[in-house]
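The values are calculated or read from the model by the stated rules, or taken from the named source; none is laboratory data. All figures in this text were calculated on a predicted structure; none of them were measured in a lab. Every residue, glycine among them, receives a Cβ derived from its backbone with ideal geometry; neighbour counts consider all protein chains shown. Note: areas computed on protein heavy atoms with side chains; ligands, DNA, RNA excluded. Shrake-Rupley method; radii C 1.70, N 1.55, O 1.52, S 1.80 Å.
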Amino acid sequence: MALELVNLKKDYAAPDGSVVSVIDLEHLAIADGEQVALIGTSGSGKTTLLHMIAGIVAPDSGRIVYTLPEGATDIATLSEARRDVFRGSHVGYIFQTHHLLGGFTALENVLLGMSFTGRKPDRAWARRLLDDVGLTPRADYKPEKLSVGQQQRVAVARALANRPKLVLADEPTGALDPATARQVLDLIRRLCHEINAALLLVTHDLDIAHELPRVLTLSEINRASRPVQQTQPMASK
Amino acid sequence: MNFFEIILKQMRQRSLSTWLTTLSVLLGVGLAISILILHREGQNLFAQTDFGYDIIIGPPKGSPLQITLNTVYHMDQSPGVIPYSIYQDMTWPTGEKVPPGRMDYRRYARIAIPFMVGDSYNGRRIVGTSPQMFGFDDNGQRVTGTPFQYRKEKSYELAAGRVFKARRFEAVIGSDVAEKEHLTLYDDKLTEADNEKRGATFRATHGMPSGNQKPDIHKPKWHVVGILKPTHTANDRVLFVPVVSLYAIAEHESGMVAQALQRANVDPSTMTPQQFQETLRKLGIDPKQVPESLRKSLGMKAARKPAAVPPGGDLLQDTPKTPATAPVTATAEGEDPDVYHLDQNGDIVPDLPQEEWMLSAIIVTSRSDFYAQLMMYNFKVIDDRATAVNPASVMREFFNTFFKGSTLVLLIISILVTIVAAASIMTTIYNAVAARRREIAILRALGATRVRILSLISFEAALVGLLGGLLGLFVGHLACAVGSVYLQRAMGEGIHWMFFDRWEALYVAGVVLVAFLAGLVPALKAYKTPVATNLAAA
């Protein structure tokens, strides 16, 4: 799978009525199985960009093209419901905090990631993933019984549950101590490599970023996150 | 995980509020279901039209409902008495000319059964009647033609023993009485004392004393000669005795003479003894036959025991003048005096003249609907000695005016309770959705569409409705089972509480639908939950 973002724009309305441009990205391409780090400061639009790539947020303009074996899909043109289904099937998402569901065990959280694709959940694969992240003994534990690092590892397993073509990781090590952060990062990279999923990892930690073969700085590719920003009245949009 | 596993997980996550909401649905549905069952079964029980007889003749002042409840269901107090002569008017021997001044109801009534209440045994009603009730005549022969039916096509059948003789202290008892009171058949080979020990005899208590009243137990002892098969009616709880045996009880005799005096507005205190005796004769009462127990209260002199010969043999025949052969036994200290003697056949001959005999009611099977109407008309317009009621129409009217209306009100209340329960579902899940916006956002991020989220929430509500509905269905039937036990004890007839009908299914389906619709409100809130902001808020 390859991902290509072209002329992607996203504006938000500020409380004072003005329009704030968050994303103004001319071009970004990620190749099949490529692992890319994206560095950006807080508020630079990293999460918004990931949300757009995942189809959670629709861009105001531009294209988000996934090239899959079955063909290319510009998810910017899809309806919200079809974006949701596309995301469930092809995109894995790892959040800064684990975002596990409290009432579900570690295994059920992984299975939950498989529940919205229309395919039958693959329980054996879920167990294999938990084994890969070293949590087989904790498979039936609820998140509250796991450490922060273990919770994040379950989140990694969940993100890979559908064998996605692209894994989006939004500061996945931000809440972890350095040693655990490195373990989790290695885990993400290894598993993505195993399933041949591309990885776009957003971080503000340069050390973490430089672990990955390709490092991008958001301010370089996103015109909206450069220091001088143009604002314009909402009405002109 | 499949769709329903996710819903169940969500419900378990909030188990307390889920159960409380389910409980509120359960109460509403349980109430509604029990009312539906009671309405249905009440209709079967009270609005029944399958009586084996079509007329009950009762006291003129008694309400039709009271007469019917008292006679059919053995409930309530007897509303009064009617002259035995009415019964005679229905059963004059075929071909016999009716005496002048008497009515002839023979052409109207195919079967007439005397019915006399007033005594009890261990709280169970004793009914004085004739062997015709069980398909036998007074001579112990099976009646020709269709015997008396307590319900259409249902006649009494004996499980053991035989039918009592018309003029003996014998009894045929209902199946429930036999079982619960441990009464058994009298064995002639055993002594009276042994039979008493075995529970083959019983003595009647005057009236139906309440717990704190001292029971007034009559002197005569009845032998159990027959046990009926279960009829699943109130009659299973009754002890049937010959009506004549009830006239052989001192209090009854005194009561009937006193009632005759009262009816004639006779006050002995305002008369000379000669005037009083003359008045008694005019009323058809031989002054010498006034019971000793009553003589004192009326200020009369004590009389020798009656030498007059009361009727014997067939109750319906005029008095055969056979001499009394059995001497009246001496009255035991503190006990009632005997007010009867036995003839040479051992049959009871009450001291009380037949003209003073009274009945609580007469159960009549008419010859046709037309004759039933004629008889009703007769007792309404011409014959003021009694009133005639049609039990089927009385019970239908009772059901329509009282039972149907009240159950409708209760049904409306239960529907309101169910709606409140639905509102409770809505509130509970709405609050849950408000607290679970982050989880909803996570599910969306994992690929759940808005419609899927809407379905998850509304189906959760429907599932709570279904769970509460099914439990309510169970509880409703259980409550009716308890009610059935109570009704069985009170009326001798239970209800079919296990029977499940389509209205119940429709009601539960309706509850699930209402719950689903109630769940749509929070589901729409979940539907609109913005993903990005809620993920960020976490």
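Values for this structure:
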quantity: Options A:Ala124, A:Ala139; residue that is more than 10 Å from every other protein chain (Cβ to nearest Cβ) and in contact with a helix residue (DSSP H, G or I) (Cβ under 7 Å, 6 or more places away or on another chain); calculated: A:Ala139
quantity: Residues within segment A:28-59 that are open to solvent by 40 Å² or more (accessible area, probe 1.4 Å) and within 14 Å of another protein chain (Cβ to nearest Cβ), tallied; calculated: 3
quantity: Filter pass, B:Ile440 being open to solvent by less than 30 Å² (accessible area, probe 1.4 Å) and more than 14 Å from chain A (Cβ to nearest Cβ); calculated: no
quantity: Only listed residue being within 21 Å of A:Leu111 (Cβ to Cβ), in contact (Cβ under 8 Å) with a residue 12 or more places away in the chain and part of a helix (DSSP H, G or I), chosen from A:Gln183, A:Gln151; calculated: A:Gln151
quantity: Among the residues listed as B:Val433, B:Val417, the single one being touching a residue at least 12 places away in the same chain (Cβ under 8 Å), in contact with a Pro (Cβ under 8 Å, 6 or more places away or on another chain) and more than 14 Å from chain A (Cβ to nearest Cβ); calculated: B:Val433
quantity: Counted residues, segment A:85-144 - those being among the hydrophobic types (A, V, I, L, M, F, W, C) and open to solvent by 30 Å² or more (accessible area, probe 1.4 Å); calculated: 2
quantity: Segment B:377-396 residues that are modelled with pLDDT of 90 or more and part of a helix (DSSP H, G or I), paired with ones that are open to solvent by less than 40 Å² (accessible area, probe 1.4 Å) and polar (S, T, N, Q) (beta carbon under 6 Å, 6 or more apart); calculated: B:Phe379/B:Thr387; B:Pro391/B:Thr68
quantity: Qualifying positions in segment B:379-410 - open to solvent by 40 Å² or more (accessible area, probe 1.4 Å) and more than 22 Å from the chain's Cα centre (by Cα); calculated: B:Lys380, B:Val381, B:Ile382, B:Asp384, B:Arg385, B:Leu408, B:Val409, B:Leu410
quantity: Contacts under 8 angstrom Cβ, first residue in segment A:84-107 being more than 8 Å from every other protein chain (Cβ to nearest Cβ) and closer than 28 Å to B:Ser15 by Cβ, partner acidic (Asp, Glu) and not in a strand (DSSP E or B), 6 or more apart; calculated: A:Thr105/A:Asp140; A:Ala106/A:Asp140; A:Leu107/A:Asp140
quantity: A:Gly71 vs. criteria away from chain B (no Cβ under 14 Å), at positive phi, open to solvent by 10 Å² or more (accessible area, probe 1.4 Å) and free of Cβ contacts under 8 Å to residues at least 40 places away in the same chain; calculated: yes
quantity: Among the candidates B:Leu487, B:Leu467, B:Leu454, residue that is within 27 Å of B:Leu16 (Cβ to Cβ) and either modelled with pLDDT under 90 or away from every other protein chain (no Cβ under 14 Å) (or both); calculated: B:Leu467
quantity: Selection status of B:Thr407, under 20 Å from B:Leu517 (Cβ atoms), part of a helix (DSSP H, G or I) and away from chain A (no Cβ under 14 Å); calculated: no
quantity: Segment B:1-27 - residue that is part of a loop (DSSP other than H, G, I, E, B) and either in contact (Cβ under 8 Å) with a residue 12 or more places away in the chain or in contact with a helix residue (DSSP H, G or I) (Cβ under 8 Å, 6 or more places away or on another chain) (or both) and, of those, farthest from the other protein chains (Cβ to nearest Cβ); calculated: B:Arg14
